[in-house]
Structure formats: C-alpha cells, structure tokens
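First comes the structure, then the notes that go with it.
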Amino acid sequence: MSAPTTGTRNAVYQRDERRCAACGVMVLTFQHRRAVGMGGSKNVPSPVDGLSLCVLCNAACEGVLQAQALRFGWKVRRWVTHPERVPVFYPLEMAWYRFEGVIRIRISRAVAMEMGCGVYGAEWLLWHEAIA
Ligand SMILES: [Zn+2]
C-alpha cells in the first residue's frame, strides 16, 4: 500500500466533512485502514481504504487507540481484503456508516453488527459486547 493519489485523499476528506472522524479537528491526515506493508507495495489505496484523522488520532491508532480503531473500523486486520465490508463508527455523530466508493452511507447499529460479524465473526461480537 503506497500513498493515496491526491484525488483519493481529497475524496476521503470530503466524505468525512473535512474533520477528524475521531475528534473533529480540521487538520487532516490520511489514515490507512489497512496496514501499509513493510517495504511498500504498488497497491494504491482506494477511498474505502482511507479515513480522515488528525495527526494525533492517526498516530494513536497505532498505539493507545489501537483496540478502539479496530472496533470502530478505523483500522482493519491485515487479512481483510475488502475494507468496505467493515463498517465505520463516527463517535461525534454516534453513528455507523459503510463506505461505498467515495461516499458513506449511514447504517443502523444492527446492520453494522451484521457487517462486522460477517468479516470478523465472534471477534467482532466480543469487541462490541465489551462496550455495550
Ligand atoms: Zn483527531
């Protein structure tokens, strides 16, 4: 996974209303939902691979926020081949979304659970029962 194109980066920022999905700050970085491979890959990320996060939240996704980032779909496990199948939670809106191309579609918590379980199975249930 290499750097996103300028078009993809802008589309992701626009989709996320030009604010950090986690905290609302308006100075943005492109969070790669899928881990960027060591040594770099020729795989250019698409909009569903990306999330708008500020530099602090982006860094925290690799550290203190790592568990939450997985639970909220800000990051996906390395083996996930279709990141658009993992729903994304926007805490400022208290709402779940799924990504489709350059847009996001609001979904119910039930649909998010269904999508998450479809990808992660029991692991997703465990993550979400823990905070229910
Ligand atoms: Zn932030």
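The values are calculated or read from the model by the stated rules, or taken from the named source; none is laboratory data. Keep in mind the model is a prediction, meaning the values are calculated, not measured. Cβ: placed from backbone, ideal geometry, glycine included. Neighbour counts: every protein chain shown. The protein model used for the area step is the full one, side chains on, heavy atoms only, and it has no ligands, DNA or RNA in it. Shrake-Rupley method; radii C 1.70, N 1.55, O 1.52, S 1.80 Å.
Summary table below
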{"quantity": "Accessible surface, 1.4 Å probe, highest first, among residues ARG15, ARG9, ARG34", "calculated": "ARG9, ARG34, ARG15"}
{"quantity": "Per residue convex hull volume, Cα atoms of the chain, in Å³", "calculated": "102 Å³"}
{"quantity": "Quarter of the Cα convex hull surface for region 67-132, i.e. its orientation-mean projected area (nm²)", "calculated": "4.3 nm²"}
{"quantity": "Choice from MET26, MET94, MET113 with maximal GNM fluctuation in the chain (Cα, 10 Å cutoff)", "calculated": "MET94"}
{"quantity": "Cα centre as origin, Lys/Arg/Asp/Glu Cβ charges: the chain dipole, Debye", "calculated": "240 debye"}
{"quantity": "Principal-axis tilt of helix 109-120 within the chain, Cα atoms, nearest 10 degrees", "calculated": "70 degrees"}
{"quantity": "Relative contact order, percent, the chain [alpha-carbon distance under 8 Å, six or more residues apart]", "calculated": "22 percent"}
{"quantity": "P(r), alpha carbons of region 15-81 - 10 Å bins starting at zero, rounded %", "calculated": "21, 55, 23, 1"}
